[in-house]
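Peer 1: Right, I'll just put the structure down here and ask away after.
Read the figures in this text as sums done on the coordinates, not as results from a lab. Just so it is clear, the model here is predicted, and its values are computed rather than measured. Heads up, the Cβs are rebuilt from the backbone with ideal geometry, glycines too, and the neighbour counts pull from every protein chain shown.
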Amino acid sequence: MLPPLDEIKKRRATLGITQKELASLTGVSQSLVAKLESGAMVPSYKNAKSIFDAIERLEREGEPKAIEVANKKVIWISKEETVAKAVDLMKKKGVSQLPVFEGKHVIGSISEKGVLDAMISSKNPKAVHEMKVADVMEAPFPIVEETLPLSVVSNLLQHCPAVLLTNKEEIVGLVTKADLLKMI
């Protein structure tokens, strides 16, 4: 579903482009853009979609990329380490979750919440600290390209605690909700 047509003028003005520039980007005439903005005509679906696609493309171009707010020094732990070591590392580094690696591959994640859940469900909560990370790890964080717009990463963070960033299959950063808050 397309946004309301009256958004064309607002969003075009926010982008700082003229009607002629918008028309050029979408393959329609400047007079068509002017008529749409004044409410003098209703466009075909194809033309309206083309205009909104161009506006959204321009909005994304000016948007920060995920790598711009990422922690570029990714703190991680091996699946073979103990939960106690993972908890100690999280405390020392001031983080609440870590990606879990096996060699160079991300295979899971461990979080304060996951450790607490394991302790609560265990008959011997103290024994959880001696368990291997692999025994309590959760699903891996999503992995996306570092050049992805921050809004996409922000949407992913609504469903997971962190997002890993790659450049040619190498992990180059990690973004958390706390990183987004630093932008304010």
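Peer 1: Rounded to the nearest 0.05, what FRET efficiency is calculated for Ser29 and Thr147 with R0 set to 35 Å and r the Cβ-Cβ distance?
Peer 2: Details: r = 34 Å, r/R0 = 0.96.
According to the calculation, E is roughly 0.55.
Peer 1: Relative to the longest principal axis of the chain, what angle (0 to 90°, nearest 10) does the C-alpha long axis of helix 112-121 take?
Peer 2: So the inclination is approximately 50 degrees.
Peer 1: Using the Cα centre as the reference, give the magnitude of the dipole from point charges on the C-beta atoms of the chain (Lys, Arg: +1; Asp, Glu: -1; all else neutral), rounded to the nearest 20 debye.
Peer 2: Values: 26 positive and 24 negative charges, 62 e Å.
Dipole of the chain, to the nearest 20 debye: 300 debye.
Peer 1: Points 7 angstrom from Cα along the Cβ direction at Ala139 and Met119: gap in nanometres?
Peer 2: Roughly 2.5 nm, to one decimal.
Peer 1: Return Ser50, Ser111 ranked ascending by Cβ neighbour count within 10 Å, so the fewest neighbours appear first.
Peer 2: Details: Ser50 16, Ser111 20.
Ranked by crowding around the Cβ, least crowded first: Ser50, Ser111.
Peer 1: Now for a different question. Could you calculate the FRET efficiency of His159 with Lys85 from 1/(1 + (r/R0)^6), where r is the beta carbon distance between them and R0 is 30 Å, rounded to 0.05? Working shown, then result.
Peer 2: Working: r = 28 Å, r/R0 = 0.93.
After rounding, the FRET efficiency stands at 0.60.
Peer 1: Just to be sure I understand the model, the point goes 7 Å from the Cα along the line to the Cβ. What's the resulting Leu2 to Lys73 distance in nm?
Peer 2: So the two model labels end up 5.0 nm from each other.
Peer 1: What list do you get for Glu81, Glu169 if you sort them by fewest beta carbons within 10 Å? Write out the running numbers ahead of the final one.
Peer 2: Working: Glu81 17, Glu169 8.
The order, fewest Cβ neighbours first, is Glu169, Glu81.
Peer 1: Near the amide H of Thr166, under 5 Å away, which other amide H atoms are found, from residues 5 or more places off or on another chain, if H is placed in the peptide plane?
Peer 2: Hits under the 5 Å cutoff: Val144, Glu145, Glu146, Val172.
Peer 1: What is the Cα centroid distance between the stretch 1-50 and the stretch 119-162, reported in whole angstrom?
Peer 2: 43
Peer 1: Would you please name the trypsin sites (Lys or Arg not before Pro) within the stretch 19-56 that are DSSP coil residues with at most 16 other C-beta atoms within 10 Å of their C-beta?
Peer 2: Passing sites in the stretch 19-56 do not exist.
Peer 1: Work out the charge dipole of the chain with +1 on the Cβ of Lys and Arg and -1 on the Cβ of Asp and Glu about the Cα centre, then indicate which of Ala66, Gly16, Met183 is farthest towards its positive end.
Peer 2: Most positive-ward Cα: Gly16.
Peer 1: Quickly estimate the mean residue ellipticity at 222 nm for the chain, helices only: each DSSP H run with n ≥ 4 gives -39500 (n - 2.57), and the total goes over all residues, rounded to 500. Show your work: numbers first, answer last.
Peer 2: On the way: 9 runs with 80 residues, N = 184.
My calculation for the chain gives -12000 deg cm²/dmol from helical runs alone.
Peer 1: Dipole size in debye (nearest 20) for the stretch 7-61 around its Cα centre, Lys and Arg Cβ +1, Asp and Glu Cβ -1?
Peer 2: Numbers: 10 positive and 7 negative charges, 24 e Å.
Around 120 debye, computed over the stretch 7-61.
Peer 1: Among His159, His129, His105, which comes first, then next, by fewest other beta-carbon atoms within 10 Å?
Peer 2: Values: His159 7, His129 16, His105 10.
So the residues, fewest neighbours to most, are His159, His105, His129.
Peer 1: While we're here: In terms of Cα to Cα distance under 26 Å, which lysines are near enough to Lys132, apart from those fewer than 8 places away along the same chain?
Peer 2: Lys132 reaches Lys73, Lys79, Lys85, Lys91, Lys92, Lys93, Lys104, Lys113, Lys123.
Peer 1: For the chain, calculate the relative contact order in percent as a whole number, restricting contacts to Cα pairs under 8 Å that are 6 or more residues apart. Before the final figure, lay out the partial values.
Peer 2: Working: 252 pairs, mean separation 36.8, N = 184.
It comes to 20 percent, rounded to a whole number.
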